[in-house]
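Inspection log for the structure reproduced underneath, given as structure tokens.
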Amino acid sequence: MFFIEKEPKITEKEIQNLYQTHPYLIEKKFLNQEVVPQYSLPSGFADIVVFLENEIVVIELKVEILENRHLLQLYGYLEDMEKKFKNIKRIRGILIGKEPDKELYLMIKNFSFEIKILVLNKEIITKVKICNSCRLANDLKNDYCIYCCNKSFLL
């Protein structure tokens, strides 16, 4: 099961299952939104695409240190989405993985799309427990549910 990482290494598939099931762990506004895993595009399959009102967010997941090639892969998906959805006002990307070097952050500034990097286990959690009341995922370290304040979690 993907809720609690018992081994030191988590796989990309486990992370994908976690975030497509609980996309609000990436951004709270993704709660109850349309989430499409493995979205087919001309340049490949985007790991997760979230469709919001007048906004599309393309999420690329990696379990390794983020590199230029990962950023370029995400950028290709964003270009594909822009061509496919010409009337959407905002298309942006989120790249999730292990901490990259500073050059990757500098590269993002030169792109025409808004792209955010989230570092696993630093800016985004991978170890979760499920609230017994609202059934939403919470950080394993939480004493109470951040969504409903319940103190009981599923084991």
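Each reported figure results from applying straightforward, stated rules to the coordinates on display, with no laboratory input. Here the structure is a predicted model, which is why all the values come from computation and not from measurement. With ideal geometry, Cβ positions are generated from the backbone for all residues, glycine too; neighbour counts draw on all protein chains shown.
Descriptive notes on the structure:
- Given (1) closer than 20 Å to Gln33 by Cβ; (2) surrounded by fewer than 20 Cβ atoms within 10 Å (Cβ to Cβ); (3) in contact with a Gly (Cβ under 8 Å, 6 or more places away or on another chain); (4) among the aliphatic types (A, V, I, L, M), number of the condition Ile88 does not satisfy: (3)
- Among the residues of the range 8-42, the ones that are part of a loop (DSSP other than H, G, I, E, B) and touching a residue at least 12 places away in the same chain (Cβ under 8 Å) come to 9 in all.
- Checking each residue in the range 63-85 for being more than 17 Å from Val36 (Cβ to Cβ) and among the hydrophobic types (A, V, I, L, M, F, W, C) picks out Val63, Ile65, Leu66, Leu71, Leu72.
- Any hit, the range 31-39, residues being out of contact with any helix residue (DSSP H, G or I) (no Cβ under 8 Å at 6 or more places or on another chain) and aliphatic (A, V, I, L, M): yes
- Failed item in (1) closer than 19 Å to Val35 by Cα; (2) loosely packed, with under 15 Cβ neighbours inside 10 Å, with Lys151 passing the rest: (1)
- Of all residues in the range 59-68, at least one satisfies being outside any helix (DSSP H, G or I), closer than 16 Å to Glu123 by Cβ, touching a His at 6+ places or on another chain (Cβ under 8 Å) and free of Cβ contacts under 8 Å to residues at least 40 places away in the same chain.
- Filtered residues of the range 108-142 (kept if closer than 15 Å to Leu18 by Cβ and more than 19 Å from the chain's Cα centre (by Cα)): Arg135
- Residue satisfying all of: in the range 59-85; within 19 Å of the chain's Cα centre (by Cα) and charged (D, E, K, R); surrounded by the most Cβ atoms within 10 Å (Cβ to Cβ) among these: Glu60
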